[in-house]
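The values are calculated or read from the model by the stated rules, or taken from the named source; none is laboratory data. Please read all numbers here as calculations on a predicted model, not as lab measurements. No Cβ is skipped: glycine too gets one built from the backbone with ideal geometry, and neighbour counts run over all protein chains shown. What goes into the accessible areas is simple: the full protein's heavy atoms, side chains included, and nothing from ligands, DNA or RNA. Shrake-Rupley method; radii C 1.70, N 1.55, O 1.52, S 1.80 Å.
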Amino acid sequence: MKTIKLIVALIIVLSLGAAMGRQVSDWARGLGSRHHFTKNDLVYLEPSLTSTELVTFDKGVSNKILDRIKMEHASAVVMREDLQYIDKENVKYFLNAGDTYRLSGKKSDDKLKVNVEITTKEGKSAIIPVAKKALTPVDEGEWILVRNEKSKEGWVRVKSNW
């Protein structure tokens, strides 16, 4: 009987310890606290500059922080110059200086190029090899997932080396 009580007490202590550890972890990451928008904050559907921007957020109120992630590597690029690309089927693609594109997960065969994902106005998707010198990588930085008072959620980039 003492063994059973000891096991139950041990399980309770471990459960409480795990719960406290989770709370401390969330506190250290700033989860549950509030984020007050700055005038430059933009809210996105996903944690990426190439994602859809959400306009349903009132910038005048604070929002609860639900999650926080940090991206070490670029997942998007900005074109430095205009570029025209013609694929094997003679389809022309135009990449404009200043536009942002998502990097493809597929590595380029050429070390001086990276694969960029684009979507045309007609909705056609393509992966285009682009010279690295024509691009500026975007440090995606640190993102937080916020929820407003209407239970809408979105991602905000709060820190970047850009």
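Which number in (1) basic (Lys, Arg); (2) modelled with pLDDT of 90 or more; (3) out of contact with any Phe, Trp or Tyr (no Cβ under 8 Å at 6 or more places or on another chain) marks the one condition that Arg68 misses?
(3)
Could you grab me the full set of residues in region 120-154 that are hydroxyl-bearing (Ser, Thr, Tyr) and more than 19 Å from the chain's Cα centre (by Cα)?
Thr120, Ser125, Ser151, listed by residue number.
Take the residues of region 98-157 that are over 22 Å from Lys70 (Cα atoms) and polar (S, T, N, Q): which is least open to solvent (accessible area, probe 1.4 Å)?
Filtering first and then ranking leaves Asn115.
For Thr38, state whether it is in a loop (DSSP other than H, G, I, E, B), open to solvent by 60 Å² or more (accessible area, probe 1.4 Å) and either modelled with pLDDT of 90 or more or not hydrophobic (A, V, I, L, M, F, W, C) (or both).
So Thr38 passes the test.
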